[in-house]
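First up is the structure itself, then whatever we jot down about it.
The values are calculated or read from the model by the stated rules, or taken from the named source; none is laboratory data. Remember, predicted model here, so these are calculated numbers, not experimental data. Positions of Cβ are backbone-derived with ideal geometry, glycine not excepted, and every protein chain shown enters the neighbour counts. Side chains are part of the model used for accessible areas, which takes the heavy atoms of the whole protein and leaves out ligands, DNA and RNA. Shrake-Rupley method; radii C 1.70, N 1.55, O 1.52, S 1.80 Å.
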Amino acid sequence: MPDPILLSTWNFGARANLAGWPSAQRPGGILDALEQTCIACELDPGVDSVGPGGLPDASGQVSLDGAIMLSPARSAGVAYLRQFAHPVSIARRVMEKTPHKLLVGHGAEEFARSEGFSAESLLSDSARVKWEAWKSTGQHRDFHIGERPANAPAIKSPAINAPAGKSGISKPGRDSTPIDPNATHDTIGVLGIDASGTLGAACSTSGRAFKLPGRVGDSPLIGHGLYCDPVAGAAVATGTGELMIGVCASFLAVERMRHGERAIEAIRYVLQRIIDSYELGPKDQCALIALGPDGHFASGALRPGFEVCITTGTGTIVVPPDVILIAP
């Protein structure tokens, strides 16, 4: 049986992993581990692409998407939540209490309310400042990939503290240089194995900055932003959601693993499929993490900038992806 592990996307996942790790260390704790990791990221004031404080759509309203998955039978997502802060928690409730795979908009919010979740405002002062700066330009720009207006206040992330007895967070390797937490933001995708060997996946996001109202990306869609099969493996994707939707990215990665490919080979295949399927813009990004039921994992991205957070019994590290297909 593999040892417990949590993997998450982007450097801000390191803080989030610490919240989920205690649950990952107990048998049957994978759902709690995934959910708590996502909640911690959703509540992180230094993240403007997940949870309250996420950047709004073109109309100035924040909408959240999320999903959770243990198997094809045990999975669900929610999309276009504009009053509730924790989409993965609500998606888990959909999975556990309904026969449905996806609830959206008003219906998803009514379900959340009926389950005791509290409505709240999702637009932060910082996000409003960024939206106003974007709106004033009359141009479509995506601040998730590094364009931050000069008048937007910097956001300091909370200090990172390691669990008792752990080594804390390090960034080994010559390519793993620190990244401004405001410079590269996107979906948090989480993969994990708990102490009983159960495999799972989750995603949470506020979606593409200044998107058209009503736009939903890959994160809440089973097979696109995430996929998990206890026999074959699990994968999560992050980046330009439209790219992943078009090729069923996470499902495709897991299917390649089902047919015998290693995680790194499956990821490379998916990334090449995206390159072959689209005329990519200079800011398009797709990154994936894949995890086998044996604990073997790998990561990859179209472009540099993506990082992976790995939490095990020896602590948490933040590393660059194993493969990058498009040189800077």
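Largest GNM mean-square fluctuation among 290, 24, 73, using the chain with Cα springs under 10 Å: 73. Build a GNM of the chain with springs between Cα atoms under 10 Å apart, and of 207, 189, 305 the one that fluctuates most is 305. Between the beta carbons of residue 137 and residue 61, assuming R0 = 22 Å, the FRET efficiency works out to 0.70 to the nearest 0.05. Cα-based radius of gyration for the stretch 1-126, normalised by 2.2 N^0.38 Å, reads 1.06. To the nearest 10, the accessible area of residue 15 is 40 Å² with a 1.4 Å probe. Per-atom-type breakdown for the chain gives carbon and sulfur 53% of the accessible area (1.4 Å probe, protein chains only). Convex hull volume per residue, computed on the Cα atoms of the stretch 174-328, equals 119 Å³. Its alpha carbons give the chain an Rg and a Dmax of 18.0, 55 Å.
Think of it as helices only: each DSSP H run of n ≥ 4 in the chain is worth -39500 (n - 2.57), and spread over all residues that comes to -8500 deg cm²/dmol at 222 nm. Is the shape of the stretch 79-122 best called rounded, prolate or oblate, per the rule: a/c under 1.5 gives rounded, else a/b larger than b/c gives prolate, else oblate, with a ≥ b ≥ c the square roots of the Cα gyration tensor eigenvalues? Prolate.
As a ratio to 2.2 N^0.38 Å, the alpha-carbon radius of gyration computed for the stretch 249-328 takes the value 1.12.
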